[in-house]
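What follows is a short report on a single structure.
The values are calculated or read from the model by the stated rules, or taken from the named source; none is laboratory data. All values derive from a computational prediction rather than experimental measurement. Cβ: placed from backbone, ideal geometry, glycine included. Neighbour counts: every protein chain shown. These area figures cover heavy atoms from the full protein model, side chains too; ligands, DNA and RNA do not enter into them. Shrake-Rupley method; radii C 1.70, N 1.55, O 1.52, S 1.80 Å.
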Amino acid sequence: QVQLVESGGGLVQSGGSLRLSCVASGFTFSWARMSWYRQAPGKERELVASIGADGTSINYADSAKGRFTISRDNAKNTVYLQMNSLKSEDTAVYLCNARDLWRNMYWGQGTQVTVSS
């Protein structure tokens, strides 16, 4: 069964950094496009960053460009999101997403990121 388990969230002051991790199992990770989304209270879920199966084809939301870096380690079935210069508006639940070759979508439970100003 597919599992995506996020970790690394927490409380951080404005300007600080966090590194999120998502460990995947139950599907062929090295064939899947991986993404990080976030959802703040009362707001729609939004794409933060996305990375292709081979580590190329990387996309960022405008709000993440220059501050966040997505990466993956296919040997560890893990995708990361390094977040620097965090702002209060980055406060949200961050969710890991996988899309396999057959366009099946899988979601993790999310990890809370809270940035205090």
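Tabulated data
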{"quantity": "In order through the stretch 47-56: 3J(HN,Hα) via Karplus (6.51 cos²θ - 1.76 cosθ + 1.60), integer Hz, x for Gly, Pro", "calculated": "6, 9, 7, 9, 9, x, 4, 9, x, 9"}
{"quantity": "Under 29 Å from the Cα of Lys43 - lysines, other chains or at least 8 residues apart", "calculated": "Lys65, Lys87"}
{"quantity": "Neighbour-limited loop hits for trypsin sites (Lys or Arg not before Pro), the stretch 35-117 (at most 11 other Cβ within 10 Å; DSSP other than H, G, I, E, B)", "calculated": "Lys43, Lys65, Arg103"}
{"quantity": "Percent accessible area from carbon and sulfur atoms, the stretch 1-115, protein chains only, probe 1.4 Å", "calculated": "46 percent"}
{"quantity": "Cleavage-rule hits (GluC sites (Glu not before Pro)) in the stretch 43-110: DSSP loop, at most 13 neighbouring Cβ within 10 angstrom", "calculated": "Glu44"}
